Amino acid sequence: MYYKIVTYGCQMNVHESEKIAGLLEAEGYRPCADGENADIVVFNTCCIRDNAERRALGNIGVIKAEKKKNPALVLAVVGCMTQQDGAAETIRNKYPYVDIVLGTRDISLLPSEIRKVLSARAKAEKGAKKYRCFDNSFPEDYSDIDEATPVVRTSFPNAWVNIIYGCNNFCSYCIVPYVRGRELSRDMGKVLDEVRRCVDEGYGEITLLGQNVNSYGHDLHAKGVNFAALLGEIDKIDGKFRVRFMTSHPKDLTEEVADVMAESAKICNNLHLPVQSGSNKVLADMNRRYTREKYLSLIDMLRAKMPDIGITTDVMVGFPTETEEDFADTADLMRQVRYSNAFTFVYSPRKGTPAAAMPQIPYEIKKRRIGELIKLQNSVTKELSETYKGGVYEVLVEDVAPKYGDSVCGRTESGRLVTFGGSPDLVGKFVNVKITEARSASLFGHIE
C-alpha cells in the first residue's frame, strides 16, 4: 500500500506533511513519487495567498482522472484551506470524488478515517452507503494529540520542531488566526526532549516553528517560561548543531531574546523579521501594532549585539490603503535596513479578513511596485554578497548541487547559500568554506 503527499505553503505545512507521513507509515503505507501508483493521495493545502489556494484546487480537480482510472484510490484534503468558512461544503459538493477533508488540528484522525472509507467500500456491494469524512473542528486536547503523532522527517539535515501553534494577532490581511486557531504553546520539556532526539539522530540544524515564536509561553502561565528561556535551554543541549526559528513578530521581539542569540554558540545570528510595510499609516491599517520607528530601533538593537547578523523579511505590496507615499516609505526602510533577502509579495484578499472588504488597488499598480522593490532588494543583496568574498565561513552542507556538477551547497550561520565542490557524503556535515565568487544572492567557494 502506497501514499503520496502533495504539500503547499509554509514550513509549518512541510512539517505537518512529515506528521501525515508518520501516521500513514505507522499504518503500513509506504511513500511513492507517482500518484498513479498511490493507494492514498493527501493534499496538504495552504490559503495564505490566493495563488496557493487556486493551485491546490486545480490539482485536486486534475486528480479526478486518476480516480476514474483507479476507483480504489483514497483522496484526502487537509490543511489551512479546509478550515475556511464554507470550504468543506464547497469540496463536498464540487469534488464528490474527495473522500476525506480534515482541518488543521485534525490530521491525527486520518488513519481511522481511511479505514472507515475502505470498510464502507468493502460493504458497498451489500448496499452500504458511501462514507465521506468532513471534519475541521478544533479539538481542545489538540496539543496532547499532536505529541503522540509520529514524524517521518524529510528535510535532513534540518529538523522542524513546533513550539507554538496558532496566532492571536489578527493582522487585518491575514487568514491564519481563523484557520489555525488561537495560540497554544507546547510544554517546554517536551520541546527540549524533541530537540535532543533530533540531535541524537544526527540533525545538524533545528528550526523552531510557530506563527509567532516570540509569543511562546505566554499561554502557559509558568514562571520563567518564554521564548528567550526556551532558546537558552536549547543552547545547553550537548552536541554540534545550529538553531534557527521562524517566524518572529516585531511587536513581541525582546532584547532578552537578542541577548540569548548574541551569547549563544548554537543559535544562529540570523533572524527573519517580517516588516510588511515601511509606512506607519499602512502598519496601523494592517493592525501590526508597531511603528516604523519601533521596527528600525529593533534592527539597531540587533546589530549592536550581533554586527554580523543576517536579517531577512517579508514585504507586502499593494495593501488596500497603500498610497505612492506609503510605498516610497517602504522602499526607504528597505534601503536603511539592507536586508540579506526580502520575500516580496502582492497583497491577496482573503475572504473573511477586514482588509478584503476595503477598496482594492489595481493589479497594474501592484505589479509595478513589486517590480521596483525586487530590483531594489536585488541590488542590495548583490552588494552584500561582495562583502563575503575572501572570507572563510562554517557551512552546514544541506544537499548536492547538480546544476554545477560534483558540487554541494549549504548555508552560513547568517543564512547565505554557498555552493562549492564536494561529494554527496558531505551532506549533514559542517565544513569551512572560503568564498571566492559572488553572483547576486549566490556565493561560491571551496573547502578550506
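The values are calculated or read from the model by the stated rules, or taken from the named source; none is laboratory data. As the structure is a computational prediction, the values presented were derived from the model and not from experiment. Counting neighbours? That spans all protein chains shown, and the Cβs are built from the backbone with ideal geometry, glycine included. Areas reflect the complete protein model, heavy atoms only, side chains present, ligands, DNA and RNA absent. Shrake-Rupley method; radii C 1.70, N 1.55, O 1.52, S 1.80 Å.
Going by what's in this entry, would Ser248 be described as open to solvent by 10 Å² or more (accessible area, probe 1.4 Å), modelled with pLDDT of 95 or more and of a type in the set (Gly, Ala, Ser)?
Details: open to solvent by 10 Å² or more (accessible area, probe 1.4 Å): no; modelled with pLDDT of 95 or more: yes; of a type in the set (Gly, Ala, Ser): yes.
Answer is no for this residue.
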_Selection status of Asp332, in a helix (DSSP H, G or I), out of contact with any helix residue (DSSP H, G or I) (no Cβ under 7 Å at 6 or more places or on another chain) and loosely packed, with under 15 Cβ neighbours inside 10 Å_ = yes
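Here is a list: Glu53, Glu36, Glu66. Which entry is of a type outside the set (A, V, I, L, M, F, W, C), closer than 28 Å to Val346 by Cα and either in contact with a helix residue (DSSP H, G or I) (Cβ under 7 Å, 6 or more places away or on another chain) or not in a helix (DSSP H, G or I) (or both)?
That would be Glu53, the only listed residue that is of a type outside the set (A, V, I, L, M, F, W, C), closer than 28 Å to Val346 by Cα and either in contact with a helix residue (DSSP H, G or I) (Cβ under 7 Å, 6 or more places away or on another chain) or not in a helix (DSSP H, G or I) (or both).
Residues checked against (1) in contact with a helix residue (DSSP H, G or I) (Cβ under 8 Å, 6 or more places away or on another chain); (2) outside any strand (DSSP E or B); (3) aromatic (Phe, Trp, Tyr); (4) open to solvent by less than 60 Å² (accessible area, probe 1.4 Å):
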| residue | (1), (2), (3), (4) |
| --- | --- |
| Thr344 | yes, no, no, yes |
| Pro349 | yes, yes, no, yes |
| Ile365 | no, yes, no, yes |
| Gly371 | no, yes, no, yes |
| Leu376 | yes, yes, no, yes |
| Glu383 | no, yes, no, no |
*asked:* Suppose we filter Ser379, Ser423, Ser407, Ser348 for residues that are farther than 29 Å from Leu296 by Cβ and out of contact with any strand residue (DSSP E or B) (no Cβ under 7 Å at 6 or more places or on another chain); which single one remains?
replied: Ser423
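Could you tell me whether Arg292 is at pLDDT 95 or above, of a type outside the set (Ser, Thr, Tyr), within 29 Å of Lys434 (Cβ to Cβ) and out of contact with any His (no Cβ under 9 Å at 6 or more places or on another chain)?
Numbers: at pLDDT 95 or above: yes; of a type outside the set (Ser, Thr, Tyr): yes; within 29 Å of Lys434 (Cβ to Cβ): no; out of contact with any His (no Cβ under 9 Å at 6 or more places or on another chain): yes.
No: the conditions fail for Arg292.
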*asked:* Quick check on my filter: what residues within the stretch 385-415 are part of a strand (DSSP E or B), hydroxyl-bearing (Ser, Thr, Tyr) and in contact (Cβ under 8 Å) with a residue 24 or more places away in the chain?
replied: Tyr393
*Only residues in the stretch 110-130 that are at pLDDT below 90 count as the first member; pair them with residues that are part of a helix (DSSP H, G or I), Cβ under 6 angstrom, at least 6 apart or cross-chain, and list the lot.*
Ala128/Ala120
*Hey, which of the helices (runs of 4 or more DSSP H) in the stretch 105-203, taking only ones fully inside, have at least 1 residues that are touching a Ser or Thr at 6+ places or on another chain (Cβ under 8 Å), open to solvent by less than 10 Å² (accessible area, probe 1.4 Å) and β-branched (Val, Ile, Thr)?*
176-180
